[in-house]
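What follows is a short report on a single structure.
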Amino acid sequence: MVDLPAPSEECGSRRFSIQTEADVMAVARGARQLAEHLGFSQVRAYHLATATSELATNLAVYAGGGMVQLHVIEDPAKANRIGVELRVEDQGPGIPDLALAMTEGFSTGARLGCGLPGASRLMDEFSIDTSAHQGTRIRAVKWRQPALLPTAPISTEAGSLAPTRTAP
Amino acid sequence: MTPSLSQVLKHRQDELLEHWLRDLSQTSSDGSFSSAHPELIEPLRELFYVLMTQLDQAASREISLATDQPSRLEREQQTALEPPLKQLVAEQARLQRSLSDTLGFLLYLKHLLFKALFAAADQAVEERSILWLDHCFEQIARQTFDLALAQRDRYISEQSISIMELSTPVLRLWHQILLLPLVGVIDTGRARQITDHLLEAIAKYEARVTVIDLTGVPIIDTSVAQHIMKTIDAARLLGSRVVLTGISPEGAQTLTKLGIRFGDVISRASLRAGIAEALLITGKRIAAMEASPR
Ligand SMILES: Nc1ncnc2c1ncn2[C@@H]1O[C@H](COP(=O)(O)OP(=O)(O)OP(=O)(O)O)[C@@H](O)[C@H]1O
Ligand SMILES: [Mg+2]
């Protein structure tokens, strides 16, 4: 596993432990409130909350629980650009075939199979670190303002994936 | 283990029990518990015997305090104590007595045991025995506390089930038109309940149209969407068409990004527009009264 960059500690951060689906609502609500408090538009706050809800639900359904963290971060490259960083970690079974899991409609749980690909589209940055039996770590960011130009996806790590994102 | 502890446990049991129950029938002078309800006597007696058996077994097996880990014996003891403790905790909750009373009863028994131990010891009581007995009761207190919390959790989730039942009304809006206003978190349990209620109502009122209003659903993610799809399918099987209303602009945008489409369901932004659509489907419309003054 590759170490993900440490979150900025200067601003607020919140941790949520997810064990069952009943725990999901609190973290989704927390994400939305945090985004709205930071001045995100309604739409962008809704995007963040929904992506958070998707990833947290996956923790409860597939990983036997895990941890969700929300951090307020500042773009090191651009002054005054703030965002919410979402970190989702579990010690579950991992995702054996990540490309397959990111395919729309693929589900091992008779669900819609839209959560992972959808969350990656809803967020501005999205990367997964996982392999079978190793657990799964996801880092995603939603910036307060949309990027002017769509940034190219960067994926260098083996076993990690940064899907194409569209500028909102 | 000192012989005195085993002896006390063996030979003075009945005396101890009687003393304990007698004192428990009155509120303690130091306020550590208020009098036990008469209905509690039986559970307390049962707990006492199980406890004595456990203590006696442990004492005779020379328990050492050295290990920090809960030993196998401690786990055995916990397993044996669980049923009577559970019963005690449940009774106390039913009688609306506080957990601190329950703990007070148990700690008072420890107090009596210590007194009996000191009275019986012809020589000085071994420090080890005291520490051990103290440790045992600490475990029991902790276990009682956990059991009471678990009991409360169960109570709360039972309550939320009844709230859930109350909060999924199916309204008969008009002849053959039903309204299902969804409010709050739609999880698997609730979704099933909602579908059941709706199907019953569709059959009962021979509804041709059901308006499902999502204004009160905070976030529509893939799970919620799937639940709604299942509800829609079920309604259709019974011959009712579905009109979805109240999806916010942000919600609609997010659903698109998630790649979710509700098939060929009619969707209207507002409840008002949805109701108008439902009336249209059933061949009715709301019109101004002809004679109404302008
Ligand atoms: N944290 C995880 N640990 C292990 N496997 C996971 C994890 N998250 C997702 N998966 C796997 O990836 C698949 C795709 O996930 P995704 O969230 O896209 O779909 P889903 O959860 O099955 O359905 P939906 O999210 O639409 O309700 C899952 O079916 C599961 O097999
Ligand atoms: Mg999912």
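The values are calculated or read from the model by the stated rules, or taken from the named source; none is laboratory data. Note that this is a predicted model, so its numbers are computed, not measured. Quick reminder, even Gly has a Cβ in these numbers, built from the backbone with ideal geometry, and neighbours come from all protein chains shown. In case anyone asks, the SASA skips ligands and DNA or RNA and just uses the protein heavy atoms, side chains included. Shrake-Rupley method; radii C 1.70, N 1.55, O 1.52, S 1.80 Å.
Of the residues B:Asp187, B:Asp221, the single one that is within 19 Å of A:Asp23 (Cβ to Cβ), open to solvent by 30 Å² or more (accessible area, probe 1.4 Å) and within 11 Å of chain A (Cβ to nearest Cβ) is B:Asp187. Here A:Glu74 passes the criteria (1) within 23 Å of A:Gln145 (Cβ to Cβ); (2) at pLDDT 95 or above; (3) acidic (Asp, Glu); (4) open to solvent by 70 Å² or more (accessible area, probe 1.4 Å) except the one numbered (2). Name the single residue, out of those in region A:114-124 being at the interface with chain B (Cβ under 8 Å from one of its Cβ atoms) and farther than 20 Å from A:Gln145 by Cα, that is surrounded by the most Cβ atoms within 10 Å (Cβ to Cβ). Only one residue tops the list, namely A:Gly115. Listed by position, the helices (runs of 4 or more DSSP H) inside region A:6-118 whose residues that are within 17 Å of A:Ala140 (Cβ to Cβ), under 17 Å from the mean Cα position of the chain (by Cα) and more than 16 Å from ligand 2 (Cβ to nearest atom) number at least 3 are A:24-37, A:42-62.
Yes or no, residue by residue, for (1) within 16 Å of ligand 1 (Cβ to nearest atom); (2) of a type in the set (Gly, Ala, Ser); (3) within 28 Å of the chain's Cα centre (by Cα); (4) modelled with pLDDT of 85 or more:
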| position | (1), (2), (3), (4) |
| --- | --- |
| B:Glu138 | no, no, yes, yes |
| B:Met164 | no, no, yes, no |
| B:Ala203 | no, yes, no, yes |
| B:Ile228 | yes, no, yes, yes |
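Name every residue in region B:249-291 that is among the hydroxyl-bearing types (Ser, Thr, Tyr), open to solvent by less than 40 Å² (accessible area, probe 1.4 Å) and either at pLDDT below 95 or away from ligand 2 (no atom under 16 Å from the Cβ) (or both), in order of residue number. Listed by number, the list holds a single entry, B:Thr282. Scanning region B:227-246 for residues that are open to solvent by less than 30 Å² (accessible area, probe 1.4 Å) and hydrophobic (A, V, I, L, M, F, W, C) returns B:Ile228, B:Ile232, B:Ala234, B:Ala235, B:Val242, B:Val243, B:Leu244. Within region A:63-71, is even one residue away from ligand 1 (no atom under 12 Å from the Cβ), open to solvent by 20 Å² or more (accessible area, probe 1.4 Å) and more than 9 Å from chain B (Cβ to nearest Cβ)? Yes, the conditions are met somewhere in region A:63-71. When A:Ser127, A:Ser41, A:Ser107 are checked against the criterion of being within 7 Å of ligand 1 (Cβ to nearest atom) and open to solvent by 30 Å² or more (accessible area, probe 1.4 Å), A:Ser107 stands alone in meeting it. Does A:Asn58 count as open to solvent by 20 Å² or more (accessible area, probe 1.4 Å) and either farther than 20 Å from A:Gln145 by Cα or near ligand 1 (Cβ under 9 Å from one of its atoms) (or both)? For A:Asn58, the condition - open to solvent by 20 Å² or more (accessible area, probe 1.4 Å) and either farther than 20 Å from A:Gln145 by Cα or near ligand 1 (Cβ under 9 Å from one of its atoms) (or both) - is met.
Scanning region A:76-113 for residues that are polar (S, T, N, Q) and within 12 Å of chain B (Cβ to nearest Cβ) returns A:Thr103, A:Ser107. Got at least one residue in region A:80-98 being open to solvent by 50 Å² or more (accessible area, probe 1.4 Å) and more than 10 Å from ligand 1 (Cβ to nearest atom)? Taking every residue of region A:80-98 in turn, at least one turns out to be open to solvent by 50 Å² or more (accessible area, probe 1.4 Å) and more than 10 Å from ligand 1 (Cβ to nearest atom).
The rows are residues; the columns are (1) outside any helix (DSSP H, G or I); (2) at pLDDT 90 or above.
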| site | (1), (2) |
| --- | --- |
| B:Asp23 | no, yes |
| B:Thr27 | yes, no |
| B:Ser32 | yes, no |
| B:Glu42 | no, yes |
| B:Phe48 | no, yes |
| B:Ala59 | no, no |
| B:Leu73 | no, no |
| B:Lys86 | no, yes |
| B:Thr102 | no, yes |
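Would you point out the residue of region B:104-128, among those that are of a type in the set (A, V, I, L, M) and open to solvent by 30 Å² or more (accessible area, probe 1.4 Å), that is modelled with the highest pLDDT? Per the stated criteria, the residue is B:Leu107.
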